[in-house]
Every structure is written in structure tokens, then in C-alpha cells.
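**Student:** Take this structure, written in C-alpha cells, and hold onto it; I'll ask about it next.
Where a number appears in this text, it was derived from the coordinates with a stated rule and is not lab data. As the structure is a prediction and not an experimental result, all values here were calculated from the model. Cβ coordinates were reconstructed from backbone atoms using ideal geometry, including for glycine residues, and neighbour counts include every protein chain displayed.
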Amino acid sequence: MAEALATRVEEIKKGMTVDDLAKQIADLRKQVENIKPGAEDRVSIIVFSGDLDKVLAAFVIATGAVAMGMEAVMFFTFWGTPVLRDPGKKVGGKDLMGKMFGFMLPKGKNAIKLSKMNMAGMGTSMMKSLMKKKNVASLDQMLEMSAELGVKIYICEMSMSLMGFKQGEFIDYPNLEYVGVATFLEQAKNSKVQLFI
Amino acid sequence: MAEALATRVEEIKKGMTVDDLAKQIADLRKQVENIKPGAEDRVSIIVFSGDLDKVLAAFVIATGAVAMGMEAVMFFTFWGTPVLRDPGKKVGGKDLMGKMFGFMLPKGKNAIKLSKMNMAGMGTSMMKSLMKKKNVASLDQMLEMSAELGVKIYICEMSMSLMGFKQGEFIDYPNLEYVGVATFLEQAKNSKVQLFI
Amino acid sequence: MAEALATRVEEIKKGMTVDDLAKQIADLRKQVENIKPGAEDRVSIIVFSGDLDKVLAAFVIATGAVAMGMEAVMFFTFWGTPVLRDPGKKVGGKDLMGKMFGFMLPKGKNAIKLSKMNMAGMGTSMMKSLMKKKNVASLDQMLEMSAELGVKIYICEMSMSLMGFKQGEFIDYPNLEYVGVATFLEQAKNSKVQLFI
């Protein structure tokens with residue numbers, strides 16, 4: 001008893017009370033709660049390329065990530081932008097350059113080619129029939145799956161402006177947004193995985 | 001003395017005992033232990049390209065990372081897959097498409113070319129002799145070094161299936177596994193660095 | 001009072017004093033302070049490609065990142081290296097191979113071409129005039145902006161050695177360093193975003 005009291009007296013001499021400690025613990029708890037442990041469970045992909053093989057790889061990764069419980073964001077820019085055109089949609093009011101780009105760039109996902117071994121389209125057709133035979137999802141199926149899984153698609157506004165594309169000529173997709181590079185970077189910097197494809 | 005006791009009484013009135021605090025501290029400690037501070041010290045590389053220059057870059061990064069004390073995982077997919085074929089190994093039982101791909105795709109690491117300035121092979125030969133002269137490790141030496149350093153190599157199962165490759169026709173390598181994209185993503189998402197090459 | 005003392009006695013029997021708890025809290029605080037919450041607010045880009053479109057994309061991302069308050073580091077390697085040559089600077093003392101590479105590789109940022117649709121230079125000129133019209137910064141302006149914003153540029157020493165480039169033939173830039181892959185990886189592994197372009 002005497003010992004207990006003596007200990008307590010000593011503690012109080014040092015100026016520490018249970019109250020002080022409780023305050024310290026509360027402070028510490030706040031600090032711990034403010035620690036952001038790593039990034040968010042998201043894959044952010046820049047789809048710069050418009051080659052069939054690379055676009056397919058981007059979708060395999062994005063849908064694979066969502067299947068694993070992660071989020072996925074795809075930012076289509078430069079050669080990737082025309083991949084998302086809907087060939088059935090026509091828009092007017094383009095200037096000469098816009099018309100030229102519209103003519104020269106592939107009209108959507110079914111018009112893009114392999115980056116290698118395209119062999120005047122033969123390689124690309126071969127790859128497509130092979131994918132079907134081996135039960136690998138086609139780009140059409142990939143897009144459908146992505147829409148269902150909630151993969152977010154961003155289209156780069158700067159590329160649209162450069163190539164003269166209008167919002168009205170892109171595919172219908174539930175999670176599609178037209179954004180600048182800053183919006184993408186904001187998502188990307190807090191993602192666990194970022195890829196430039 | 002009286003003061004000490006008074007303080008203690010007040011504390012107890014507030015319902016806080018040293019026991020309570022100890023419990024709070026234990027809780028907090030558990031929380032702190034569960035915080036994963038960032039990702040693991042690993043570089044995860046998707047080797048999608050089959051160009052000599054890009055494959056070399058991938059190996060320079062992977063071996064460089066291990067030399068710095070990190071882990072490295074390389075996931076060979078699409079055009080990267082045939083780079084790991086062993087031209088000395090023959091496998092049978094391929095269908096027509098598999099035979100065609102086997103014929104058209106480069107037969108291993110010594111058959112791949114620069115992505116630019118290949119100039120009918122002259123640029124590639126020039127680069128190889130230059131690397132030797134400047135004491136830059138060749139792809140052969142890179143693979144040997146990678147094996148020794150413990151760089152993990154994954155071969156993409158979907159690419160194998162598409163191109164009709166069999167496990168029996170790849171190089172001997174101590175840390176080689178045949179995996180799907182999910183296995184790679186599982187590693188990649190907890191890595192500090194991820195690259196698509 | 002008696003109750004208070006009894007509680008205290010019990011605590012002391014268990015061997016816990018306010019002092020002990022204070023020590024535990026101090027330990028815990030140190031642990032919390034040592035937790036590095038994720039990576040640093042930096043984008044690290046490997047500029048492997050020497051194509052106008054890809055180099056532009058790299059600069060858009062780097063300057064965009066700095067505009068958002070992040071740091072940016074660009075590591076120019078392989079085909080990216082000659083992009084930073086200053087065509088006005090001549091250096092002597094090159095061997096035959098160095099002279100050949102010097103002749104064949106593009107002489108700086110105004111000599112590089114689009115990766116696609118170059119069409120003997122017509123596509124590249126078209127893109128440049130389009131960028132001007134649409135108020136998209138040219139590569140010249142990007143470099144100026146990068147210098148002002150403090151984007152760090154690294155030139156890969158191994159690429160310089162391979163291609164026979166000397167430090168004297170690169171552009172003047174305030175934050176330019178000649179480094180090995182290890183220096184880049186050291187920065188990259190603690191960055192929030194890493195890209196291979």
C-alpha cells in the first residue's frame with residue numbers, strides 16, 4: 001500500500017498523470033489514423049498506342065485488375081483516341097485538318113492493326129481468328145466486359161482538340177469522361193499500378 | 001500527498017485506470033503493426049515488346065534493381081514471349097497455326113532485332129558488336145546474370161496459348177514460371193515500380 | 001477514496017505504472033514516426049523512345065505533374081538520348097562508330113519524327129503546324145517550360161557510351177545530369193508514378 005502510494009507520488013512529481021497519458025494516446029491515435037498506407041487499390045493505364053495488340057493488352061490488364069477486386073482507369077490519348085470512335089456516328093462542323101485526321105486515322109476498334117506482322121492486314125485477321133479459336137476475348141468483348149465491370153475510360157481532351165474529334169463521335173460507354181491530363185494524373189498518382197502502353 | 005491522491009481520485013472518477021490506458025496502447029500498437037508502409041521493394045516489368053533494344057532495357061533495369069537490393073519480376077507476354085524460346089528445343093504436336101507462328105516469330109534471344117535502324121539486320125549487328133566493344137552486357141550475359149541474381153521470369157500463359165507455344169520449347173532458367181496475368185498483377189500491385197516495356 | 005487506492009494497488013500488482021505506460025507510448029510514437037507513408041510526390045519517366053509523339057507525351061506528363069505540385073524526373077535513354085543533342089554544338093575526338101551514330105541518329109528535338117503517319121515527314125510537319133494552331137506547346141516550348149518548372153533531366157551514361165555521345169554536345173538545361181540507371185532507379189522507386197515511354 002505504502003509502496004503503491006509512493007510510486008504514484010513519484011509519478012505525479014514527474015508531472016505525469018493518467019490524464020496526460022490518455023491525451024498522448026489520443027494524439028498518437030490521430031497520427032496513426034492520418035497515415036495513408038500506400039496508394040489506392042487501382043490500376044491507371046495510359047493507352048497512347050493505337051495498335052490492336054497493345055490495346056488488347058491494356059484491356060486484359062484493366063479487366064484482370066477489376067476481376068481481382070481493384071479499380072481500373074484507362075486514359076486514351078494520341079493514337080489511342082481514335083480506337084474509341086464509333087464508325088456509325090457522323091459529326092459535322094469539322095475544319096479541313098479535322099476532316100483529314102478523321103479520314104486517315106482508324107475508324108474505331110475494328111479498324112486497328114497489329115503493331116508487327118500486320119502483313120497488309122493478314123496478320124491482324126489471323127490473330128483475330130486465332131483469338132476466337134482459343135477463346136481469348138476480342139476487343140469488342142473486352143469493351144463490353146469493361147463496361148460491365150466498371151472500368152473507367154477517360155478520353156484525352158488535348159488529343160481530341162489536336163485531331164479534331166468531337167464528343168459526338170465516340171462509342172457509348174457507361175463510364176466515359178472527357179478529361180485533361182491533370183485529371184488523369186490525380187488518379188494515377190494515388191494508384192498502386194501505373195502503365196504507359 | 002493529498003494532491004497526489006486527489007489527482008488519482010479524479011482520474012478514477014473519469015473512469016480511466018492505468019489498465020484502460022494499457023488496453024488502449026495495445027490496440028494502437030496492433031493498428032501500427034498492421035500499417036503496410038508503401039509497397040514492397042520490387043520492380044515488376046511487363047515485357048510486351050520483342051525488340052532487342054527494349055528487351056535489353058528491361059534486363060538492364062531488372063538486374064540494376066537487384067544489384068540495388070530490390071527484387072525483380074519480368075512478365076514476358078505477346079511479342080516478348082518468343083524471345084525466351086530455346087532454338088535447340090523442338091516440340092511436336094502443334095496445330096497449323098502454332099506451326100505458322102513458330103515459324104514466323106523469332107527463334108529466341110539471338111534472333112530478335114532493334115526496333116529502329118535495323119537496316120536489314122546491319123543495325124542490329126552493329127549494335128551487338130558495339131555493345132561488346134563498350135563492355136555492355138549482351139542479352140546472353142544479361143540472362144545469365146539475371147539467373148544468378150535471382151530475377152524471376154514469368155511467361156504469360158495466354159500468349160503461349162495464342163501463339164501455340166509449349167512449355168518444352170523455352171530456355172532453361174532457374175526462376176521461370178508459366179502464369180496468368182492475375183499472378184503477375186498480384187506481384188505488381190505490391191511493387192514499388194511497375195513498367196510496361 | 002478506498003476504491004481509488006484499491007484500483008491503484010491492483011494496477012501496481014500487475015506491474016504496470018504510469019511510467020511503464022509512458023515508456024510504451026514513447027516507443028509507439030517512435031514507431032509511428034518511422035512509418036514512411038507511401039512514396040514521394042514525384043513522377044519518374046524513362047524516355048526510351050525518340051519519336052516526336054512519345055517525347056511530347058512525356059513532357060506533357062512531366063510538366064503537368066509539376067503544375068500539380070509534384071516533382072518530375074525524366075531519364076533519357078537509348079533512342080531518347082539523341083533528342084537532347086544540340087545541333088549547334090560540335091565535339092571532336094569520336095571514333096568511327098561514334099561518328100556513324102552521330103550521323104545516323106536525329107540531331108536534336110527538331111529532327112525527330114512521329115512514330116506513325118510520318119509519311120516522309122509530311123505527317124510530322126502537319127502535326128507541328130496543327131499543334132501551333134491549337135495552342136499545344138511545341139517541344140521547344142515544352143523544354144523551356146520544363147526548365148522553368150524545375151523538371152529534372154537525366155541522360156543515361158550507358159546510352160551515351162554506346163552511341164559515342166559526349167557531354168559537350170547536349171543542350172543547355174539547368175537541371176541536367178549524366179547518370180547511370182542506378183541513380184534513376186533510386187529516384188524512381190520512391191516515386192508515386194513511374195512510366196516507360
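**Student:** Can you bin the protein assembly as shown into rounded, prolate or oblate? Criterion: square roots of the alpha carbon gyration tensor eigenvalues sorted a ≥ b ≥ c, rounded for a/c under 1.5, prolate for a/b above b/c, oblate for the rest.
**Tutor:** prolate
**Student:** Something else about it: State which entries of A:K23/B:K30; C:K90/C:K133; B:K113/B:K166; A:K54/B:K128 exceed 25 angstrom in Cα-Cα distance in the structure shown.
**Tutor:** The pairs that break the limit, which is 25 Å between Cα atoms, are C:K90/C:K133; A:K54/B:K128.
**Student:** Still on this model: In whole Å, how far is the Cα centre of region A:96-147 from that of region B:127-150?
**Tutor:** Cα centres, region A:96-147 to region B:127-150: 36 Å.
**Student:** Oh, and also: Rounded to the nearest 500 deg cm²/dmol, what is the calculated helix-only ellipticity per residue at 222 nm for chain A, with -39500 (n - 2.57) per DSSP H run of length n ≥ 4?
**Tutor:** -14500 deg cm²/dmol
**Student:** Let me ask you something else. What distance in nm separates the two pseudo spin-label positions at C:D20 and B:Q31, each 7 Å out from Cα along the beta-carbon direction?
**Tutor:** Taking the simple label geometry, C:D20 and B:Q31 are separated by 2.3 nm.
**Student:** Of all DSSP beta bridges located in the protein assembly as shown, what percent are antiparallel, nearest 5?
**Tutor:** Looking only at bridges with both residues in the protein assembly as shown, the antiparallel portion is about 5 percent.
**Student:** Ordered by residue, what ³J(HN,Hα) values in Hz, to whole numbers, does region B:107-119 give under the Karplus form 6.51 cos²θ - 1.76 cosθ + 1.60, where θ = phi - 60° and Gly and Pro are x?
**Tutor:** Values per residue, Gly and Pro as x: 8, x, 5, 8, 10, 8, 10, 5, 6, 9, 6, 5, 6 Hz.
**Student:** So how many Å³ per residue does the convex hull of the Cα atoms of chain A work out to? Intermediate results must be reported in sequence, preceding the final value.
**Tutor:** On the way: hull volume 37.4 nm³, N = 197.
Dividing the Cα hull volume of chain A by its residue count gives 190 Å³.
**Student:** Read phi for every residue in region B:47-54 and hand back ³J(HN,Hα) as whole Hz from Karplus 6.51 cos²θ - 1.76 cosθ + 1.60, θ = phi - 60°, with x for Gly and Pro.
**Tutor:** Values, residue by residue: 9, 8, 7, x, 7, 3, 4, 6 Hz.
**Student:** Right, something else. Taking a ≥ b ≥ c as the square roots of the eigenvalues of the Cα gyration tensor of region B:104-197, is the shape rounded (a/c under 1.5), prolate (a/b larger than b/c) or oblate?
**Tutor:** prolate
**Student:** Go ahead and set up a Gaussian network model of chain A, Cα springs under 10 Å, then flag whichever of A:E169, A:E186, A:E40 fluctuates most.
**Tutor:** Ranking A:E169, A:E186, A:E40 by mean-square fluctuation puts A:E186 first.
**Student:** Then there is this: Take chain A, connect every pair of alpha-carbon atoms lying under 10 Å apart with a spring to form a Gaussian network, then pick out the residue of A:V179, A:V136, A:V18 with the largest mean-square fluctuation.
**Tutor:** Largest GNM mean-square fluctuation: A:V18.
**Student:** How far is A:K116 from the same spot in each other copy, in nm, shortest first, if each label point sits 7 Å from Cα toward Cβ?
**Tutor:** Here the equivalent label points are 1.7, 1.7 nm apart from this one.
**Student:** Taking B:K152 as the anchor, which aspartates and glutamates have their alpha carbon closer than 12 Å to its alpha carbon, excluding any fewer than eight residues away along the same chain?
**Tutor:** Partners found: B:E71, B:E177.
**Student:** Continuing with this model, one more query. What gaps in nm, shortest first, separate B:D19 from its twins in the other copies when you place the label 7 Å past Cα toward the beta carbon?
**Tutor:** Listed shortest first, these distances are 2.3, 2.3 nm.
**Student:** Could you give the dipole magnitude of region A:69-197 about its Cα centre, charging the beta-carbon of Lys and Arg +1 and that of Asp and Glu -1, in debye to the nearest 20?
**Tutor:** For this selection, approximately 620 debye.
**Student:** Comparing C:A111, C:A26, C:A182, which has the greatest mean-square fluctuation in the GNM of chain C with Cα pairs linked when under 10 Å apart?
**Tutor:** Looking only at C:A111, C:A26, C:A182, the biggest GNM fluctuation is shown by C:A26.
**Student:** Charges at C-beta only: +1 for Lys and Arg, -1 for Asp and Glu. How large is the resulting dipole of region C:81-145 about its Cα centre, in Debye rounded to 20?
**Tutor:** 160
**Student:** For B:K90, go 7 angstrom from Cα along the Cα-to-Cβ vector, then report the distances to that same point in the other copies in nm, smallest first.
**Tutor:** Shortest to longest, the spacings are 5.9, 5.9 nm.
**Student:** Would you work out which of A:M100, A:Q24, A:I35 lies farthest towards the positive end of the dipole of chain A, given +1 charges on the beta-carbon of Lys and Arg and -1 on that of Asp and Glu, about the Cα centre?
**Tutor:** After comparing all options, I get A:M100.
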